[in-house]
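Novice: This is the structure I want to talk about, given as structure tokens.
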Protein chains: 2
Amino acid sequence: MSEKITSRKEDYSKWYLDVIKVSDLAENAEVKGCMVIKPYGFALWEKIKDELDRRFKETGHQNAYFPLLVPKKLFEAEEKNAEGFAKECAIVTHHRLKNDPDNKGKLIVDPTSKLEEELIVRPTSEAIIWSTYKKWIQSYRDLPILINQWANVVRWEMRTRLFLRTAEFLWQEGHTAHATKTEAITEAEQMLEVYAQFAENFMAMPVIRGIKSESERFAGADETYTIEAMMQDGKALQSGTSHFLGQNFAKAFDVKFSDQTGKQEYVWATSWGVSTRLIGALIMSHSDDLGLVLPPKLAPIHVAIVPIYKGEDQLEIIKEKINPIIAALRKLDISVKFDTDDQKRPGWKFAEYEAKGVPVRLAVGMRDLEQNQIEVARRDTQEKQTISIDSVVEHIQQLLIDIQENLYQRALKRQTEHTQKVDTYAEFKEKLEKEPGFFLAHWDGTAETEELIQQETKATIRCIPLDGELEEGKCMVTGKPSTRRAIFAKAY
Amino acid sequence: MSEKITSRKEDYSKWYLDVIKVSDLAENAEVKGCMVIKPYGFALWEKIKDELDRRFKETGHQNAYFPLLVPKKLFEAEEKNAEGFAKECAIVTHHRLKNDPDNKGKLIVDPTSKLEEELIVRPTSEAIIWSTYKKWIQSYRDLPILINQWANVVRWEMRTRLFLRTAEFLWQEGHTAHATKTEAITEAEQMLEVYAQFAENFMAMPVIRGIKSESERFAGADETYTIEAMMQDGKALQSGTSHFLGQNFAKAFDVKFSDQTGKQEYVWATSWGVSTRLIGALIMSHSDDLGLVLPPKLAPIHVAIVPIYKGEDQLEIIKEKINPIIAALRKLDISVKFDTDDQKRPGWKFAEYEAKGVPVRLAVGMRDLEQNQIEVARRDTQEKQTISIDSVVEHIQQLLIDIQENLYQRALKRQTEHTQKVDTYAEFKEKLEKEPGFFLAHWDGTAETEELIQQETKATIRCIPLDGELEEGKCMVTGKPSTRRAIFAKAY
């Protein structure tokens, strides 16, 4: 842990990448725009995945798996969706390499293996899934279909950044089919709430629940629900979306069902997803200039124990005292790393676990043991306390709860402090310039005004909050009437 | 469950596909050669995955994720590996679609989006992973690297069959790096044993542990270890492989480390994988003419309960009696489906759970309840017993253990009965013709003889068993000396 982290103040973007580097979460791959998720980063993703998967199953969903490659004619069936993804997709055109006759040991694409129809590497799976649902749905008895898929997707992004925007990323995508519009809307709203509660209770990240403006909607959706979180630099990060797809895909793929009266109706749909982007959100919500800070509920390691000793004999004495504590902690599902690596100094280890965001770190030396105590350091506030060995297990158990809560409260305070109402465009521009954050402002509901604001300020409408009050007002730009404030912010 | 299953005797291949269909595991996708894994099939894969993942972590491995797309120049770096996969890979050549000027609403590949270097959709990840390990390994302190990845891979197969051979499939691939040859070989052997024990203890499928002949080796390996299982038709199914890769990939990607004396050495490697093919193995090991038969340790549903009643009142009485039983079973981690769907008749449900291979089925009618008893049917033997309600929980708990054991013993008996030593080529051909199975025969160790046998009989060398005795003998074809018997069989 000798690598330096650029401070947030100095260069926020560089700080973000430095934190990823020192905490060993991921790195850029040899393939342009793609990343390698390293074991510690993947452990974090597994924690996220396990908890979300549990919540999906609890709400009645099952997992399944659909193909990676989508024939072009299926891809283009839903026009808006196709248009939305056509410019950024990886296209498979051939299926064989052959030896390069001019260059021994090298391979070239075999032109005779050209595909009759190109295949698109899925950027999202509505097309392939709805072409399949068509075969599964005849009657109202076949509905609802409540399916989720954990998968990789590819979107040919030009400007990429680890976790936040990569050409390939991991995600889950739920795809549901319903007999009624109401049921589909309820489903889309339910899944948004699943995401929101996960973000708040597990990631310790407060979010605004809202709906997207038409221009920010998912291509092919009638309504996009979103959770938006505020990062430490005041910018917004869209952290999860849930789409009410109306009958758009049912119509594109001609998926009808006979209702209880025998009448043929188009099926109603939703889709919803979160991705490895959540790891980016997690980093930017809590981390500091010393490295990653992880909420205990998602930390792969809860407690790191660093022994301070000279020689094998002292280490043995420490082990004898520490092993029962480790056993007691593990019994409480608290994961512990007892770092007895004697190639590294305690100071190096302290910095290492700090960089990796381990919530609690214990230091145990001989003098402490003689006094029957242990030094307990919490990552979030950097505070250290000396705790009696007899009560250290209970102390840590409570401390993990406190850290989880503290991180949430800290993030909520930041969000609250940087969220404000603005009533004029001048005021908005001035405040946005001074200090980014969330700005609640009236807007006339048109795409033109939205675009103008974006062009002039780089801020976009993040969402129209679901819990926003109805309020008579005037658009801050055009003065036209508005009944509800939207949130404007710069965004990732 | 009105669909008929072709009997094994009538048409074994069709039976296999029928079982998949009636048990709702998977279906062919709209994309040629690919499959959709349906929720029940995916639940099975999740059970397999969870248990293997636990065993990988127990043996010190961590999960990570590497890119789907492999630049051609990395792909071609290890020559044998490249050659082995070059003829069956999906190649990405473009990254954008555009509107077809001649055909409104249609899209065509935008020729201006041609990639400078083509990308291969990974058929396996040695190339991308070793180009990454190069950055991670400098010193012996960086070794070993013990990483596993759960991923999708694509191999352009012409003749595909659900689960057994599909263009895209799901798998895990372990990729490890070691300082010494011995350590790498030990790792490859350890992982083979992890697979073997999983196959035997969880899939109830006995396997032969062995090494592959040179011509059946993984492209790029110095040695391929395999587990081979015998299906009900006597054919072999390669169920998992573990490769000692020597220094081949380290040399291809120039991955060296400095050892404790400071000397630069090439790194030693292994890779090992199992795939959704295991589901095919599972089906063909145990299922029968009524449908799927699942070993309890992998069954998504252990117990299906079918109430037999007239009217809501009777159902209420049954529920009252059954609910405590369900609660008691679930406490024992036994998963229960209580099927109260009143749109379907009990007989239909019986056939449905039979087809889906649910290990235990209860039928509960009013008359049974009056006598304080329940009908318990086991799927493997079709036997039914009437059991007192007071002891039904303990009975089921034991029954699941018995079914697991019975399936294994049944498969083992079949394997033993259809494994025989043959000493002459004539005897081999005659017996193979009469009844397929495993044939232990002497072989002179040459690829020519191996090929001749394959051409004449369609049988291949499945492996040279690791527990095979040293024995002086003569090759059944050429008469040349041999010290060990190989297993010959027809294979999937």
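Novice: So what is the calculated 222 nm ellipticity per residue for chain B, using -39500 (n - 2.57) for each DSSP H run with n of 4 or more, over all residues, to the nearest 500 deg cm²/dmol? If you can, show how the numbers build up before the last one.
Specialist: On the way: 14 runs with 173 residues, N = 492.
That comes out to -11000 deg cm²/dmol.
Novice: Within 10 Å of each Cβ in B:83-90, how many Cβ atoms from other chains are there, averaged over the peptide? The partial results should precede the final answer.
Specialist: Working: counts 4, 0, 1, 7, 6, 4, 7, 10.
Mean shielding count: 5.
Novice: Please give the average number of partner chain Cβ atoms lying within 10 Å of the Cβ of each residue in A:323-336, rounded to a whole number. Working shown, then result.
Specialist: Working: counts 0, 0, 0, 0, 0, 0, 0, 0, 0, 0, 0, 0, 0, 0.
The per-residue average across the peptide is 0.
Novice: Would you mind checking B:47/B:337; B:331/B:384; A:14/A:429; A:98/B:72 for any pair whose Cα atoms are more than 19 angstrom apart? Write out the running numbers ahead of the final one.
Specialist: On the way: B:47/B:337 17 Å; B:331/B:384 24 Å; A:14/A:429 26 Å; A:98/B:72 12 Å.
Exceeds cut-off: B:331/B:384; A:14/A:429.
Novice: Divide the volume of the convex hull of the Cα atoms of the stretch A:12-286 by its number of residues and quote the answer in cubic angstrom per residue.
Specialist: Working: hull volume 40.2 nm³, N = 275.
Spelled out: Cα convex hull of the stretch A:12-286, divided by residues, is 146 Å³.
Novice: Size of the dipole of chain A about the Cα centre, Lys and Arg at +1 and Asp and Glu at -1 on the beta carbon, nothing else charged, in debye to 20? Don't skip to the end; give the middle numbers.
Specialist: On the way: 68 positive and 78 negative charges, 141 e Å.
Approximately 680 debye in magnitude.
Novice: With θ set to phi - 60°, apply the Karplus curve 6.51 cos²θ - 1.76 cosθ + 1.60 along the stretch B:319-326 and write out the HN-Hα couplings as whole Hz, x wherever there is a Gly or Pro.
Specialist: Coupling constants for the stretch B:319-326: 4, 4, 6, 7, 4, x, 5, 4 Hz.
Novice: Under 18 Å from a point placed 7 Å out from the Cα of residue B:385 along the Cα-to-Cβ direction: which residues of the stretch B:321-350 have their backbone N that close?
Specialist: Label zone hits: B:329.
Novice: What length, rounded to one decimal in nm, is gained on full extension from residue A:7 through to residue A:434, with 0.36 nm per residue of separation minus their alpha-carbon distance? Write out the running numbers ahead of the final one.
Specialist: Numbers: separation 427, 0.36 × 427 = 153.72 nm, distance 2.00 nm.
Length gained between residue A:7 and residue A:434: 151.7 nm.
Novice: I've got another one for you. Over all alpha-carbon pairs in the stretch B:303-399, figure out the percentage whose distance exceeds 21 Å.
Specialist: Details: 1178 of 4656 pairs.
Distances greater than 21 Å cover 25 percent of the Cα pairs.
Novice: Against the empirical 2.2 N^0.38 Å scaling, what ratio does the C-alpha Rg of the protein assembly as shown come to? Please list the in-between numbers first.
Specialist: On the way: Rg = 30.5 Å, N = 984, 2.2 N^0.38 = 30.2 Å.
The protein assembly as shown yields a ratio of 1.01.
Novice: If you don't mind, there's one more thing I want to ask. Using DSSP to call loops (not H, G, I, E or B), can you name the trypsin sites (Lys or Arg not before Pro) in the stretch B:67-110 whose Cβ has at most 16 other Cβ atoms within 10 angstrom? Before the final figure, lay out each step's value.
Specialist: Working: sites: B:72, B:73, B:80, B:87, B:96, B:98, B:104, B:106; in loops: B:87, B:96, B:104, B:106.
Answer in residue order: B:87, B:104, B:106.
Novice: Further question on the same structure: If the viscosity is 1.002 mPa s and the temperature 20 °C, what translational diffusion coefficient in µm²/s does Stokes-Einstein give for the stretch A:1-116 when Rh comes from Kirkwood over Cα pairs?
Specialist: Details: Rh = 19.5 Å.
It diffuses with D of about 110 µm²/s by this estimate.
Novice: Sticking with this structure for a sec: Using Cα pairs closer than 8 Å and at least 6 residues apart in sequence, work out the relative contact order for chain A, in percent. Don't jump to the answer; show the numbers that get you there.
Specialist: Details: 986 pairs, mean separation 69.7, N = 492.
About 14 percent, as a whole number.
Novice: ³J(HN,Hα) across the stretch B:298-311 via Karplus (A = 6.51, B = -1.76, C = 1.60, θ = phi - 60°), whole Hz, x for Gly/Pro?
Specialist: Karplus-based 3J(HN,Hα) across the stretch B:298-311 equals 10, 6, x, 10, 8, 10, 9, 10, 10, x, 10, 7, 10, x Hz.
Novice: Nearest-5 percent of antiparallel DSSP beta bridges in the stretch A:272-376? Present the calculation step by step, with values, prior to reporting the outcome.
Specialist: On the way: 3 of 12 bridges.
In the stretch A:272-376, DSSP labels about 25 percent of beta bridges as antiparallel.
Novice: How large is ³J(HN,Hα) for each residue in the stretch A:51-67, as worked out from phi by the Karplus curve 6.51 cos²θ - 1.76 cosθ + 1.60 (θ = phi - 60°), to whole Hz, x for Gly and Pro?
Specialist: Rounded to whole hertz, the list is 5, 5, 4, 4, 5, 5, 5, 4, 8, x, 8, 10, 8, 8, 9, 10, x.
Novice: Further question on the same structure: Say each of residue A:135 and residue B:289 gets a label point 7 Å from the Cα, pointing the same way as Cα to Cβ; how far apart are those two points in nm?
Specialist: Rounded to a tenth, the inter-label distance reads 2.8 nm.
Novice: In degrees, nearest 10, range 0 to 90: what is the angle between the Cα axis of helix A:277-286 and the longest Cα principal axis of chain A?
Specialist: Roughly 40 degrees between the two axes.
Novice: Can I ask one more? To the nearest 0.05, what FRET efficiency results for residue A:46 and residue A:394 with a Förster distance of 41 Å applied to their C-beta separation?
Specialist: On the way: r = 28 Å, r/R0 = 0.69.
Efficiency computed from Cβ-Cβ geometry: 0.90.
Novice: When Cβ neighbours within 10 Å are restricted to other protein chains, what is their mean count per residue of peptide A:32-40? All intermediate terms of the calculation are to be shown ahead of the outcome.
Specialist: Details: counts 7, 3, 6, 3, 9, 6, 7, 9, 2.
Going residue by residue through A:32-40 and averaging, the value is 6.
Novice: Within the stretch A:150-190, name every residue whose backbone N is under 20 Å away from a label modeled 7 Å from Cα of residue A:261 along the Cβ vector.
Specialist: A:178-184
Novice: What fraction of the DSSP beta bridges in chain A is antiparallel, stated in percent and rounded to the nearest 5? Can you show the working numbers first?
Specialist: Details: 72 of 88 bridges.
That works out to approximately 80 percent antiparallel.
Novice: When only alpha-carbon atoms count, how far does chain A stretch along each of its three principal axes, as whole angstroms with the largest first?
Specialist: The Cα atoms of chain A stretch 80, 70, 54 Å along their principal axes.
Novice: Tell me, how many Å apart are the Cα centres for the stretch B:302-337 and for the stretch A:422-436?
Specialist: Spelled out, the Cα-based centre of one part sits 62 Å from the other.
Novice: Something else about it: Assuming 0.890 mPa s and 25 °C, estimate D for the stretch B:114-265 with Stokes-Einstein, Rh taken as the Kirkwood radius over Cα pairs, in µm²/s.
Specialist: Values: Rh = 17.3 Å.
My calculation gives 142 µm²/s for D.
Novice: Net charge within 12 Å of residue B:344 by Cβ-Cβ distance, Lys/Arg positive one each and Asp/Glu negative one each, not counting residue B:344 itself? The partial results should precede the final answer.
Specialist: Details: positive: A:141, B:345, B:349; negative: B:339, B:341, B:342, B:352.
So the environment of residue B:344 carries a net charge of -1.
Novice: How much net charge surrounds residue B:169 when only other residues with a Cβ under 9 Å from its Cβ are counted (Lys, Arg +1; Asp, Glu -1)?
Specialist: So the environment of residue B:169 carries a net charge of +2.
Novice: Which FRET efficiency value, to the nearest 0.05, do you get for residue B:454 and residue B:427 by plugging their Cβ-Cβ distance into 1/(1 + (r/R0)^6) with R0 = 25 Å?
Specialist: Working: r = 18 Å, r/R0 = 0.71.
For residue B:454 and residue B:427, the calculated efficiency is 0.90.
Novice: Evaluate the distance, in nm, between pseudo-label points positioned 7 Å from the Cα of residue A:24 and of residue A:54 along their respective Cα→Cβ axes.
Specialist: Calculated label separation equals 2.7 nm.
Novice: If you line up the long axis of helix A:346-355 against the longest principal axis of chain A, both from Cα atoms, how many degrees apart are they, to the nearest 10?
Specialist: For A:346-355 against chain A, the angle is about 20 degrees.
Novice: Taking the Cα centre of the stretch A:12-286 as origin and charging only Cβ (+1 Lys, Arg; -1 Asp, Glu), how large is the dipole, in debye to the nearest 20? Before the final figure, lay out the partial values.
Specialist: Details: 35 positive and 39 negative charges, 108 e Å.
I would put it at about 520 debye.
Novice: What does the charge count near residue B:140 come to, summing +1 for each Lys or Arg and -1 for each Asp or Glu among other residues with Cβ under 9 Å from its Cβ?
Specialist: Details: positive: B:141; negative: B:142, B:259, B:265.
Neighbourhood net charge equals -2.
Only the coordinates and a few stated rules stand behind these numbers; no lab work does. Quick caveat, the model's predicted, so the values are computed rather than measured. Don't worry about glycine lacking a Cβ; one is built from the backbone with ideal geometry, like all the others, and counts go over all protein chains shown.
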